[in-house]
């Protein structure tokens, strides 16, 4: 699914030099590379403030802390995402309220959000899943009408654009990013970031990530240890310079898949759709994952496994059917689109260094498995 060794071999000299600089100056916590990366990331995401944190999961948690989500509050989000989206809500004692997805993008359906708002609702977390933005205009309109905060889960979408060139993470009150190694911009371990255009929120986020302390040993809030390690910031400073190039290669790979699948004659495979446009006619989906839909996926997986191919399922069980959320009272059939995608989705390799020959092999293998 992903070969980071290829990427790291190309960048090895730059990465080694970055690590050496951190080792030499010894500022492993809040070193100069942290603020330098925050500035670079803020410029890239078209926001005023970026605050490095310890992971994408902690980015969601600290964002909800910053907007004062409390026990008993309700937060609306998609039922189809990585677990951290819903987990961060519950960790603060709040209640996640789930909504079904749009069938084209797999992102949260704004119509479902409008129907889910109650007097207890305090925030909305739209997820920009697999590298494509949720439909933010109606979501922001709902938030304005009801006085709600919007926290964008952009963990898979750094660089993705919505309409009029708006960047993922820049449209709500706070945007949350993950730099897990498999992301389009990945560190060498867990790392994340929160971004905002609100100076007061940015200051609160910086204090919360350091145990609620701005001055050492004096604590304004109850925060946590959510700091971005200097070593990760140094690595990310090297990589962010190459991010646009990697995105273009992922998009080229997506177009090649479209051509290959068209030529294959496969009728039962639904390819991801790039919905929003930027710079004229260019569709802007950054393809953190290339997720197709296939019939009888579980049977197909067995055949692919026999051929030694790589794939991944994102995500086999939507939130409303997870055991840990049984007390919320949801049942099978409540969100049929999410349930269908959970049963049919299959991610195939799309990383920048993937070769045309490897893509041809993937499609050929899928063709054999489907027809076998």
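Values in this text are rule-based calculations from the coordinates and carry no lab data. As the structure is a computational prediction, the values presented were derived from the model and not from experiment. Neighbour counts run over all protein chains shown; Cβ positions are idealised from the backbone, glycine included.
With the simple spin-label model, which puts each label point 7 Å out from Cα in the Cβ direction, the residue 271 to residue 68 separation comes to 4.9 nm. Distance between the pseudo-spin-label points of residue 91 and residue 371 (7 Å out from Cα toward the beta carbon): 4.8 nm. Looking at the range 11-137, the DSSP beta bridges with both ends there are about 10 percent antiparallel.
Relative to the current alpha-carbon distance between residue 29 and residue 221, full extension at 0.36 nm per residue lengthens the span by 67.1 nm.
Could you calculate the FRET efficiency of residue 301 with residue 242 from 1/(1 + (r/R0)^6), where r is the beta carbon distance between them and R0 is 35 Å, rounded to 0.05?
About 0.60, to the nearest 0.05.
Using only alpha-carbon positions in the range 308-351, the gyration tensor eigenvalues give semi-axes of 26, 11, 7 Å once each is multiplied by 5 and square-rooted (largest first). Of 133, 176, 45, the residue with the greatest mean-square motion in the GNM of the chain, using alpha carbon springs below 10 Å, is 45.
Counting other beta carbons within 10 Å of each Cβ, put 179, 130 in order, fewest first. Starting with the residue having the fewest Cβ neighbours, the order is 130, 179.
Spin-label model, residue 20/residue 146: points 7 Å from Cα along the beta carbon direction are separated by 5.5 nm. For the chain, the gyration tensor built on C-alpha atoms gives an oblate shape. Its axis ratio a/c (a ≥ b ≥ c) is at least 1.5, and a/b is not larger than b/c. For residue 83 and residue 331, the difference between the fully extended length at 0.36 nm per residue and the C-alpha to C-alpha distance is 87.5 nm.
Taking 332, 204, 250 as the candidate residues, the one with maximal mean-square fluctuation in a Gaussian network model of the chain, Cα springs under 10 Å, is 332. Entry note: the range 243-371 has Rg to Rh equal to 1.02, where both radii use alpha-carbon atoms and Rh is the Kirkwood radius. Of all the options 244, 24, 200, the one that moves most in a Gaussian network model of the chain with Cα springs shorter than 10 angstrom is 24. Based on Cα atoms of the range 140-197, Rg over Rh with Rh as the Kirkwood radius reads 1.04.
Helical content alone sets the calculated 222 nm signal of the chain at -12500 deg cm²/dmol, taking -39,500 (n - 2.57) per DSSP H segment of four or more residues and averaging over every residue. The convex hull defined by the C-alpha atoms of the range 95-205 has an orientation-averaged projected area of 7.7 nm². What does DSSP give for the chain in terms of the percent of beta bridges that are antiparallel, rounded to the nearest 5? Just about 60 percent of them are antiparallel. As a proxy for reagent exposure, 287, 217 were ordered by neighbouring Cβ count within 10 angstrom, fewest first; the result is 217, 287. Over the Cα atoms of the range 198-280, the radius of gyration divided by the Kirkwood radius equals 1.27; this is the Rg/Rh ratio.
Just subtract the alpha-carbon distance of residue 358 and residue 40 from 0.36 nm times their residue separation and send over the number in nm, one decimal.
Contour length minus the Cα-Cα distance gives 111.1 nm.
Neighbour counts of other C-beta atoms within 10 Å: give me 104, 178 arranged from fewest to most.
So the residues, fewest neighbours to most, are 104, 178.
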